[in-house]
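Enquirer: This is the structure I want to talk about, given as structure tokens.
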Amino acid sequence: MALTEIIEAEGHLIDSHIMERIFDMVVEYQGRFEVEKFHIGRTNSEASQLRMRVETPTRELMDQLLGQLLGLGCVPVDAGDAVLELIKKDCCAPEDFYSTTNHRTMVRLDGEWIDVGKQRMDATVVVSDKQAECRKLRDLKAGDQIVVGMRGIRVVPDTKDRDRSSFSFMSNEVSSERQVETAVTQTVAIMKAVREQGKKIVVVAGPVVVHTGGANPLSELIRLGWVDALLAGNALAVHDIEAALLGTSLGIRQKDGRQAEHGHRNHMRAINAIYNCGSIEGAVEQGRLKTGVMYECVKHKVPFVLAGSLRDDGPLPDTVTDMNEAQNLYTKHIENAGVVLCLSSMLHSIATGNMLPSWVKMVCVDINPAVATKVSDRGSSQTVGVVTDVGLFLDLLIRKIKD
């Protein structure tokens, strides 16, 4: 016997091509659909509304279809409340636990739709005292109540801005043909808008920033108050400190691009200098470290997190080598972020994107277009890719901000 469900969806369904994806999804799962109601929003702020009947030949196909349609913002009309189940063992969820996306999510409790807090992808939804929040599997405790199945859940997918005159740059595309000056101008506009909203500007940076001469403009961004948190790995700090203390980056002299004599040892000498001072902050306080990105972070009290990896030299005493702790610190500092600037650091950019809700914009700058594509393809659809030299981008960015 065929299975039938009535589903509804609301939003900018046409502009964002969501409606055609809904239809395609029904057909893909051997289903049929009949549109019962469709109202087109007539202004930029008015949403479109869709109500349709879907039919599949089996319950299994219907369950699979509803799971896919949920991610497109479709909700069964007779879904009822979300189904909750108690956790019996730390870090262990039932087989059918609901795994979140990075889109805005709500769950229905006692007939009322409740916003899910701390939105991020690949998490569970824990419910307590009529409040709901995302929580990673490793943080589940016995006795927690989590959402299971697909009922009583509403997802609001990211939609295209209907105001064509506003931030056309903020489309999800990666192109090496985009003018760098235009990208910089519109990035500054985003940063200013974020600042006016009282939200944070977070920078995720890799060591290429130092190699390409971007350390000075990034330092100035920090000094002028345009960075609220810096997220990086051990390498950025090591090469930045090497440049500040010895004038080289990986042994290459920054003033003329030539190999310094015995320069291959300089990054280890930089690490040793910080250990002798106890920490990066200690090196600043003792007058050993006087310039650079890390110096400006300490002087202007901009929090930074250096996440360690298997390949790190040293690592620096400030580097967080516990991956779970590093993830938690990253998550803490991207709270209330309005925009995240990802500067030539593929792994840290992907990691940060996995922690962000879909309504926080990411500007990913890299000379390799594949990096921005990977960040976007792994679920961070809000990513805007700028394919250029990161040192050039930062230099133009600070000039534009100062102008």
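Coordinate-derived values only; no laboratory data. Since the structure is predicted, the reported quantities are computational estimates derived from the model, not experimental observations. Here the Cβ positions follow ideal geometry from the backbone for every residue, glycine too, while neighbour counts run over all protein chains shown.
Enquirer: With point charges of +1 on the Cβ of Lys and Arg and -1 on the Cβ of Asp and Glu, referenced to the Cα centre of the chain, which listed residue (GLY152, GLY308, ALA132) lies farthest in the positive direction of the dipole?
Expert: GLY308
Enquirer: Sorted by average packing, counted as other Cβ atoms within 10 angstrom per residue and highest first, what order do 22-31, 147-156, 294-303 take?
Expert: With the highest mean Cβ count within 10 Å placed first, the list reads 147-156, 294-303, 22-31.
Enquirer: Related question: Arrange the following residues from fewest to most other Cβ atoms within 10 Å of their Cβ: LYS290, LYS400.
Expert: Lowest to highest Cβ neighbour count: LYS290, LYS400.
Enquirer: How large is the dipole of the range 1-77 about the Cα centre if only Lys and Arg carry +1 and Asp and Glu carry -1, each at its Cβ, rounded to the nearest 20 debye?
Expert: 120 debye
Enquirer: By a straight-distance test (C-alpha under 19 Å), which lysines pair with LYS361 as possible cross-link partners, with residues fewer than eight away in the same chain excluded?
Expert: Partners found: LYS118, LYS160, LYS192, LYS199, LYS200, LYS332, LYS374.
Enquirer: Could you pull out every one of the aspartates and glutamates with an alpha carbon less than 20 Å from that of LYS88, ignoring same-chain neighbours closer than 8 positions?
Expert: Here the aspartates and glutamates satisfying the reach criterion relative to LYS88 are ASP96, ASP129, GLU133, ASP139, ASP144.
Enquirer: Among the lysines, which have Cα under 19 Å from the Cα of LYS255 when same-chain residues fewer than 8 positions away are ignored?
Expert: Cα-Cα hits under 19 Å: LYS290.
Enquirer: Let me ask you something else. About the Cα centre of the chain, what is the dipole size in debye to 20, counting +1 per Lys and Arg Cβ and -1 per Asp and Glu Cβ, all else neutral?
Expert: 1140 debye
Enquirer: Follow-up. Out of [x] 67, 55, 43; [y] 87, 41, 37; [z] 79, 51, 35, which label holds the value of Cα extents along the principal axes in Å that was computed here?
Expert: Comparing each candidate, only [z] matches the computed number.
Enquirer: Return a whole-number percent for the relative contact order of the chain, with Cα pairs under 8 Å and 6 or more residues apart as the contact set.
Expert: That works out to 15 percent.
Enquirer: Roughly how many debye, to the nearest 20, is the charge dipole of the range 81-150 about its Cα centre, given +1 on each Lys and Arg Cβ, -1 on each Asp and Glu Cβ, and no other charges?
Expert: On the way: 11 positive and 13 negative charges, 61 e Å.
It comes to approximately 300 debye.
Enquirer: Also, quick follow-up: Dipole of the chain (Lys/Arg Cβ +1, Asp/Glu Cβ -1, origin at the Cα centre): which of GLY251, VAL365, ILE87 lies farthest to the positive side?
Expert: GLY251
Enquirer: Can you list residues whose amide H is under 5 Å from SER249's amide H, if they're 5+ apart or on another chain and H is modeled 1.01 Å from N?
Expert: GLN254
Enquirer: Calculate the translational D of the range 81-150 in whole µm² s⁻¹ from Stokes-Einstein, where the hydrodynamic radius comes from the Kirkwood formula applied to all Cα pairs, the temperature is 25 °C and the viscosity 0.890 mPa s. Intermediate values should be presented prior to the final figure.
Expert: Numbers: Rh = 11.8 Å.
Approximately 209 µm²/s, per Stokes-Einstein.
Enquirer: Calculate one ³J(HN,Hα) per residue across the range 135-150 by plugging θ = phi - 60° into the Karplus curve 6.51 cos²θ - 1.76 cosθ + 1.60, and present them in order as whole Hz with x for glycine and proline.
Expert: Values per residue, Gly and Pro as x: 8, 5, 3, 5, 9, 5, 10, 4, x, 5, 9, 10, 7, 10, x, 10 Hz.
Enquirer: Along the positive direction of the dipole of the range 1-77 (beta-carbon charges: Lys, Arg +1; Asp, Glu -1; about the Cα centre), which of GLY11, THR43, GLY67 reaches farthest?
Expert: Value computed over the given set: THR43.
Enquirer: Tell me, for the chain, which Cys residues have no other cysteine's C-beta sitting closer than 4.7 Å.
Expert: CYS74, CYS91, CYS92, CYS134, CYS277, CYS297, each lacking another Cys Cβ under 4.7 Å.
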